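Working notes, structure below.
The values are calculated or read from the model by the stated rules, or taken from the named source; none is laboratory data. All values reported here derive from a predicted model rather than from experimental measurement. Ideal geometry is used to build each Cβ from the backbone, glycine not excepted, and the neighbour counts take in all protein chains shown.
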Amino acid sequence: MKAPTKPQLATLGRIEKLGYLKPAQNEKRTNPFSGISHTLEPLACQLYDFVTTRHHTCGLDYTRADWDRARYWFLANWPREYYDLLD
């Protein structure tokens, strides 16, 4: 995995404040439309959960830039999983 940039780390801090915490171990995530599943490492789970449920956090302390940064960070490090789970 590529080392996170300062903006990515700032986004990660805001994501954690919203309650999206890293799980203790790898977990499975499933695309609700295609049914395709992947087992993701903890950071990938955290980013995936934020990207897929951001509509539940309306009005809270995050920006569209945070969402885009999380999405592109996920894509850069887990491209196969991104295209199977999010695209």
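Within the stretch 1-30, track down each residue that is acidic (Asp, Glu) and assigned to a helix (DSSP H, G or I). Across the stretch 1-30, the qualifying residue is only 16.
Any residue that is at pLDDT below 85, crowded, with 16+ Cβ neighbours inside 10 Å and either in contact with a Lys or Arg (Cβ under 7 Å, 6 or more places away or on another chain) or not charged (D, E, K, R) (or both) - is there at least one of those in the stretch 16-31? Looking through the stretch 16-31, at least one residue is at pLDDT below 85, crowded, with 16+ Cβ neighbours inside 10 Å and either in contact with a Lys or Arg (Cβ under 7 Å, 6 or more places away or on another chain) or not charged (D, E, K, R) (or both). Among the residues making up the stretch 54-79, a single one is surrounded by 11 or more Cβ atoms within 10 Å (Cβ to Cβ), at pLDDT below 90 and among the polar types (S, T, N, Q): 57.
The set of residues from the stretch 37-49 being surrounded by 13 or more Cβ atoms within 10 Å (Cβ to Cβ) and within 17 Å of residue 86 (Cβ to Cβ) comprises 37, 38, 40, 41, 43, 44, 45, 46, 47, 48, 49.
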